[in-house]
C-alpha cells in the first residue's frame, strides 16, 4: 500500500499553486467580474462560458453541469487521476517535497502510477536529447539539418535520438529505479523474448507533451533503409497517452492561440517546427490520427469559442488527393466546431516544412495569411472532380455538392454557398439550387429528430445531468484516498425554485456567509437551520456551524465547510454558493449583508407568527393560562417583526 501523504503537505500544495494558474493551463479564462474568471467548461460541451473560477477562494464551479471543487478536484477530474496523483503532480510543479505517513520523501514505490509514468517519460526525454550529440546520431542530425533545423531548434522542441540496440533505454531506466512493469505500461518498452526491450531504436524522436508541458509519449522517425518499421512510430495507447486527445506542440502554442484567437493545424512534427520558427507560433499537429472531436474540445477551450468570441482555425494540407480528402474530413468536424475554419494549401502542394526550406519563413507566413474558407475549399474540391462544361457533369456535380452544402448548420451561410454553387455550375435558376439545399437540410434535421437523438416525451435526455434537491446535479461516490471520490451516477430529485423570493433570500445569505463571512458574523451564527425553508440550504447552514461558524472564518474556512458537508451533493452546492456572483449590481457591503440577514429572519418570524396564531385559534377558551402564554409569544413575535421592518439589521 502507498503511504498516506501528510495533511500539512496537502494543505501546502493547495496553497502553493493558485487555481487560476492551474485552470489556465487547460482553457482560456477571462474576467467575469467580482474577482472571478470565466471560460468554457472542460467537463461538458457549451457555447457560452458558464465555468467560473474564484482565485480568492481557490474554487471553481460550472453553472451549466454543476461540476465544482478546488484545485486538486479540478486536476483529478480533468486528468482522470487519483487524489494522491493530483497532489504529487501539483507538488512537483510547486517544488514541494511530499512526506508520507510511512516516512521519507516521495519514495518511488509510494507514488501513483501516473506520476511514475510521467517521471519515466521525463527521464527518457532528457536521455534521448543527450544521445542526439553522440556519433551514432549523425544521420539524425543530418536529417534535421537538411530540413533547415539547427541545434537551437532541436533543443527548443526537445528533439532526441534513440540509439540502435535492444536495451539501451531499458537498462538506463532500470538504473533509475523503474520497474519492468512501469517500462512496459509506459510504452517506452515492449515485451521481448527475454523481457522488456526498447520500443524506439535507431530513430529521431520528438517528445509529445500534454497541454501542461508534461512528456506523455514520443513520435519516432525512421532514419535507416534497413529499418523495416513504419516511417513514423508513435507511443501506443497508455494510461497517460491517448492519441485522440493529444495535439503535438499544444504546450508551446496554447498561450498564443488564446491571445490571437487562431490555431493552425498542420500534419507533422517538422511542420510544427517550421511554422513556429517562421513566427506562426500557434501551429499544432495531431499524432498519428485525424483531427477529431477530442482535439476540437481542446481548441475550443483555448479559443473561447462562444457567442462572445469567434476563434479561427486554419488547416494546412497537401494539395494532393490525400490532402483534399483530409479537408473534407475537416468539413465534417467543422459542423461541431463554431470557430471560423479555413484551409491553406501550399504552392505546388508543399507542406510548411518544405515551403520554409524552399522559400523561407515569409512564405510560411504568407501560406497561413492566404487561407481560404473551409466550406469554399471543400465545395470547389468536390466540383472540380466533374466536367461542368457538359450537362451530365453539371448534374453529377450538383448531385454531389448539394448534400455537402445542406450539412452547413448556419442557414445564411448555407444559402450563400447554394448561390455560389449555382454560379460555379452555370445554373441560371439559382433559386432552384437554394430550394434543393434547403429541402435536403430540412429532411436531415427531421431524420436526426426522429432518430432518437433528442429526448422524447417522458424521457430525459441521456446527456442532461440529473438534478438533485439543490437544483444542481447530485453527486454520489464513496470516499477515495484522502478525500478523492469515485464518480457515480447522479441521483435525481426536485429542483429548487430559485425564482421563489424565499429561496432567493436564503441563497443570497448563504453566499454571503461563504464568500464574505465577516459581513454577516456573528449574527449569522445565531441563525437556526429551521430559518432556511429549503432542506439543502438548512444543511449548508449546519455545515457552516460545524466548520466553526462565520466568526471563526480563516484561510481554511471554506475547506472546513466543504469537508463538513455530509456528501458530494451538498459539497457541490457549497462550492456553487461560494463561487456564484451576488444577485445585486450594488456594492456588497455591510448594508447589503444586513438586508439579507433581515429578509431571512423576518420570513422565519412571519412563519412562526402564522403557526402561533393557529395554535391560539385551536386553544380551549377555558385554558386561560395556556392562552395567555401563547398570546404573549404572539405579541413578542409581532413586536420583533415590526422592529426588523423599522430598524433593519439593528433589531437582530
Review point. Counting other C-beta atoms within 10 Å, which of 556, 623 has the fewest, and how do the rest follow?
Key: 623, 556
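Sort 442, 156 so that the residue with the fewest other Cβ atoms within 10 Å of its own Cβ comes first and the one with the most comes last.
Working: 442 11, 156 14.
Fewest to most other Cβ atoms nearby, the residues stand as 442, 156.
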Study note, to complete from the structure: Between the alpha carbon centres of region 119-136 and region 169-237 the gap in Å comes to 11
Practice item. Please give the helix 535-546 orientation as an angle from the longest Cα principal axis of the chain, in degrees from 0 to 90, rounded to the nearest 10. Key: 90
Practice item. Run through the DSSP bridge list for the chain and note the antiparallel percent, rounded to the nearest 5. Key: 75
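Multiply the residue gap between residue 126 and residue 179 by 0.36 nm, knock off their C-alpha separation, and tell me the result in nm, one decimal place. All intermediate terms of the calculation are to be shown ahead of the outcome.
Values: separation 53, 0.36 × 53 = 19.08 nm, distance 1.87 nm.
Result: 17.2 nm gained on full extension.
Where does region 215-271 land on Rg/Rh, using Cα atoms and the Kirkwood Rh?
Values: Rg = 14.2 Å, Rh = 13.5 Å.
Using Cα coordinates only, the ratio equals 1.05.
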Study note, to complete from the structure: The helix 391-406 Cα axis meets the longest alpha-carbon principal axis of the chain at an angle in degrees, between 0 and 90 and rounded to 10, of 30
Check your understanding: By counting other Cβ atoms within 10 Å of each Cβ, how are 574, 10 ranked from fewest to most?
Key -> 10, 574
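When every alpha-carbon pair in region 499-652 is counted, what percent end up more than 20 Å apart?
Of all Cα-Cα pairs in region 499-652, 53 percent lie more than 20 Å apart.
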Practice item. Take the alpha carbon atoms of the chain, find their radius of gyration, then divide it by 2.2 N^0.38 Å using N residues; give the quotient. Key: 1.21
Point to revise | Rounded to 10°, Cα long-axis angle of helix 568-579 versus longest principal axis of the chain | key: 90
Check your understanding: What number, in percent, do you get for the relative contact order of the chain if the mean sequence gap of Cα pairs under 8 Å and at least 6 apart is divided by its residue count?
Key -> 9
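Values quoted throughout were computed directly from the atomic coordinates according to the rules given, and no laboratory measurement underlies them. Quick caveat, the model's predicted, so the values are computed rather than measured. Note that we place each Cβ from the backbone using ideal geometry, even for glycine, and neighbour counts take in every protein chain shown.
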